[in-house]
There are 2 protein chains.
Amino acid sequence: MIITIIGLGLIGGSLAKDLRANGFATELLGVDANPNHQQTALELGLVDDCPPLEHACMKADIVVLTVPVNAILSLLPAILTYVRSTAVIVDMGSTKEEIANEIRGHKARKQVVLAHPMAGTEFSGPTAAINNLFHGKAAIIADQHDSSPEAVQLVERLFKSLFMRIIHMEAKEHDVHAAYVSHISHISSYVLSLTVLEKEKSEQNIFNLASGGFTSTVRLAKSSPTMWRDVFMQNADNVLDVLDSYLEKMQEFRTLIAEGKFEEVHRLMEEANEISKILTKNKRLQLHS
Amino acid sequence: MIITIIGLGLIGGSLAKDLRANGFATELLGVDANPNHQQTALELGLVDDCPPLEHACMKADIVVLTVPVNAILSLLPAILTYVRSTAVIVDMGSTKEEIANEIRGHKARKQVVLAHPMAGTEFSGPTAAINNLFHGKAAIIADQHDSSPEAVQLVERLFKSLFMRIIHMEAKEHDVHAAYVSHISHISSYVLSLTVLEKEKSEQNIFNLASGGFTSTVRLAKSSPTMWRDVFMQNADNVLDVLDSYLEKMQEFRTLIAEGKFEEVHRLMEEANEISKILTKNKRLQLHS
């Protein structure tokens, strides 16, 4: 199977590594707007060749889109004109609704599968690619009724070859859920980083003290601004809803502390502890996938 | 050296494990208000015996306090009357100023060293105790001028035996820094958990999608409410300052998204990326300690 990966970053590169290792891909073609990324991907052996976009699409059995979601919007129409009528195109962006709208009614719509593998790290670029990034994680396929059954089946085979759990949902529903379990985590990390960096200007040694707790809550603040700008743009309405809910609870926490109501603070934290049950359940799902 | 550990939880238990393994302690006595914790600590071999508080203090060369910070406030005066005049008492609470105030001018003040090992996990109780929890981490000693040089020296030896980096600062300064690099991380995790749990009530399958990013930002929401209630109570002023700064930046993020100013959102995230340089520097410090 010839697989063309458009976007040779963390996700595209990690996908290339695994699909080559497990034999799903017999040939891997890569395209990236950044010539340095193409060069690095070739040097690392992530892909076999980096032909021009049109050529890479024409040759492919599957075209995978792993670029920032605004680039997906702008590239998809051209890609649909380049690919063979038997090829399958799968986008792996972190938002789904605008992408679904962009290609609604397109004559090649049935060849496209909208997906989102819920996996990643805070690093970016082809050097960030790692093996087994997707193992046990959830792969969402959105609006499957708008894709041909054969296309969906092929993409499911691809995800299963990576040991992913497949979940079907509507694009709209995906975007709400992603705002809660992913997008807000990134914003809270970015904001934590900004808060502490501002203080650090006047307090040089504050970071000598950073422990594991700080490191893990601020980890996502290292993530790619371009990727996340696009996500927040396309999913602005849902992100604003979650932000409002988050800000309200943070304000409640603040008021309780300011008013000295520490038993109520205690109660809120006990409520928050409930997350551990759910994360354990989630971990079990991953282990048994 | 006979070491008495008051508070057989994550910190006290982990300390017991390492101080026995590295030979610093020849005998370990434990005290915990919860008889089940005492029983578990004995079964796990964390401590050799759990005598009554008075007896455990009288026998000790070093008394270590690893209970929630309000319990430190209430226990310290009694402990100071129980210990021998050659014993050293070290408190390991996450706040320092109120504890310093509590014993200011006490006739045994010089026997007390105020410390804070910047290490932990989100788990609690004696079963959470692990080896090497403190390795490479910062150990703060506060207000050392109020302790005898011999007492400070002994506590430094204890921390160095765990491969910790020792940092001296004033209690007041400690509490400001801890609010930034530790306390706010916990609040942001608790609030993230509450936000997502509320949504989950109506959306049962939202957690099927949780990925590594969510898991790491919400990890601290599993932490002990009692420990953190006490910390937020004692460090309320600094915590409120950090919260206000955090809320302001979160609000700025929200406004920029609502107004569609995504290039400014991009710029904020680029600023936030700077945290990676500092965390790398911090990691290097840990590796070379």
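When restricted to residues that are without any contact (Cβ under 8 Å) to a residue 40 or more places away in the chain and of a type in the set (S, T, N, Q), the range B:1-43 contains 5. Candidates in the range B:242-264 are the residues that are hydrophobic (A, V, I, L, M, F, W, C) and in contact (Cβ under 8 Å) with a residue 40 or more places away in the chain; of these, the one that is farthest from the other protein chains (Cβ to nearest Cβ) is B:Val242. Looking at the range B:112-134, which of its residues are buried (at least 23 other Cβ atoms within 10 Å of the Cβ) and over 12 Å from the mean Cα position of the chain (by Cα)? Listed by number, the residues that qualify are B:Val112, B:Val113, B:Leu114, B:Pro126, B:Ala129.
Note on the range A:217-241: residues that are closer than 13 Å to A:Tyr180 by Cβ and within 8 Å of chain B (Cβ to nearest Cβ) total 2. Within the range B:57-86, the set of residues being more than 15 Å from B:Ala16 (Cα to Cα), among the hydrophobic types (A, V, I, L, M, F, W, C) and either within 18 Å of the chain's Cα centre (by Cα) or crowded, with 19+ Cβ neighbours inside 10 Å (or both) comprises B:Cys57, B:Val69, B:Ala71, B:Ile72, B:Leu73, B:Leu75, B:Leu76, B:Ile79, B:Leu80, B:Val83. Filtering the range B:126-148 to residues that are under 22 Å from B:Leu19 (Cα atoms) and more than 14 Å from chain A (Cβ to nearest Cβ) leaves B:Pro126, B:Thr127, B:Ala129, B:Asn131.
Among the residues of the range A:33-40, are any closer than 21 Å to A:Glu150 by Cβ and touching a Ser or Thr at 6+ places or on another chain (Cβ under 8 Å)? Within the range A:33-40, not a single residue is closer than 21 Å to A:Glu150 by Cβ and touching a Ser or Thr at 6+ places or on another chain (Cβ under 8 Å).
The criterion of being more than 7 Å from every other protein chain (Cβ to nearest Cβ) and in contact with a strand residue (DSSP E or B) (Cβ under 8 Å, 6 or more places away or on another chain) holds for B:His174. The residues listed here are B:Thr195, B:Thr95; of these, the one that is within 9 Å of chain A (Cβ to nearest Cβ) and buried (at least 21 other Cβ atoms within 10 Å of the Cβ) is B:Thr195.
Taken over the range A:255-289, the criterion of being at pLDDT 70 or above and part of a loop (DSSP other than H, G, I, E, B) is satisfied by A:Glu259, A:Gly260, A:Lys261, A:Glu274.
The values are calculated or read from the model by the stated rules, or taken from the named source; none is laboratory data. From a predicted model like this one, the values you see are computed outputs, not experimental measurements. Please note: Cβ atoms are built from the backbone with ideal geometry, for glycine as well, and neighbour counts cover all protein chains shown.
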